[in-house]
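Written out below as structure tokens is the structure these notes cover.
The values are calculated or read from the model by the stated rules, or taken from the named source; none is laboratory data. This one's a predicted model, so the numbers in the text were calculated from it and none came from an experiment. Ideal geometry is used to build each Cβ from the backbone, glycine not excepted, and the neighbour counts take in all protein chains shown.
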Amino acid sequence: MDAVLESLAGITGFAIYFGAALALLLAFKFIYAFITPHDEWALVKEEQNIAAAVGFIGAVIGFALALAGAVANSVSIIDFVVWAIVALVAQTLAFAIVRFVFMPKIVQRIQDNEVSAGIVLGGTSIAVGLLNAACMTY
């Protein structure tokens, strides 16, 4: 029984970090949808647009990977939130790079449900999230 209680000693810290991470993930969803010129949720929910779904969920996964890196390496909840904001900036930069450098017509292509465009956007977002998480070590 002592081993179980000892294992659960960190439950408060877990709850704080997990709750903060979920709140930040939800905030990311709204911020990312706000900064992109197309409405991912409308495209996914109303038009069943696969390209928008793939691109959007790639961004969410990329951000979640970066959040995981921030949680694993942070020294306090404030430190975690600061690095989560850095991750959010990195994910939005990933979208900007795809939009303005790699695929200037990405917005129209996603609206037209070109799955290849969604895969490029989602894949780039995941790659940036992995790099972001890996760089959050100190």
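Residue-by-condition table, conditions (1) modelled with pLDDT under 90; (2) within 29 Å of residue 19 (Cβ to Cβ); (3) not charged (D, E, K, R):
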position	(1), (2), (3)
31	no, yes, yes
48	no, no, yes
61	no, yes, yes
76	no, yes, yes
86	no, yes, yes
101	no, no, yes
109	no, no, no
113	no, no, yes
Give the residue that is surrounded by the fewest Cβ atoms within 10 Å (Cβ to Cβ), with candidates limited to residues of the range 88-124 that are touching a Phe, Trp or Tyr at 6+ places or on another chain (Cβ under 8 Å) and within 16 Å of residue 68 (Cα to Cα). 88
Filter the range 1-39 for residues that are among the charged types (D, E, K, R) and assigned to a loop (DSSP other than H, G, I, E, B) and give the result. 39
Subset of the range 96-138 (residues that are more than 15 Å from residue 55 (Cβ to Cβ) and either assigned to a helix (DSSP H, G or I) or small (Gly, Ala, Ser) (or both)): 100, 101, 130, 131, 132, 133, 134, 135
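Yes/no per residue for (1) aliphatic (A, V, I, L, M); (2) surrounded by fewer than 16 Cβ atoms within 10 Å (Cβ to Cβ); (3) free of Cβ contacts under 8 Å to residues at least 60 places away in the same chain:
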residue: 10; (1), (2), (3): no, yes, yes
residue: 19; (1), (2), (3): no, yes, yes
residue: 22; (1), (2), (3): yes, yes, yes
residue: 32; (1), (2), (3): no, no, no
residue: 35; (1), (2), (3): yes, yes, no
residue: 48; (1), (2), (3): no, yes, yes
residue: 53; (1), (2), (3): yes, no, no
residue: 57; (1), (2), (3): yes, no, no
residue: 63; (1), (2), (3): no, no, no
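State all residues of the range 75-88 that are hydrophobic (A, V, I, L, M, F, W, C) and over 10 Å from the mean Cα position of the chain (by Cα); if no residue qualifies, say none.
75, 77, 78, 80, 81, 82, 83, 85, 86
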Conditions: (1) surrounded by 11 or more Cβ atoms within 10 Å (Cβ to Cβ); (2) closer than 30 Å to residue 111 by Cβ. Residue 73 meets all but one. Number of the miss? (2)
For the range 72-95, how many residues are farther than 20 Å from residue 127 by Cβ, aliphatic (A, V, I, L, M) and either touching a residue at least 12 places away in the same chain (Cβ under 8 Å) or not in a helix (DSSP H, G or I) (or both)? 3
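Hey, does the range 113-136 have a residue that's closer than 20 Å to residue 14 by Cα and hydrophobic (A, V, I, L, M, F, W, C)?
yes
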Residue 127 versus (1) touching a residue at least 12 places away in the same chain (Cβ under 8 Å); (2) over 13 Å from residue 59 (Cα atoms); (3) exposed (fewer than 15 other Cβ atoms within 10 Å of the Cβ); (4) hydrophobic (A, V, I, L, M, F, W, C): which is the lone unmet condition? (2)
Mind checking whether some residue in the range 40-53 is closer than 26 Å to residue 98 by Cα, part of a helix (DSSP H, G or I) and under 13 Å from the mean Cα position of the chain (by Cα)? no
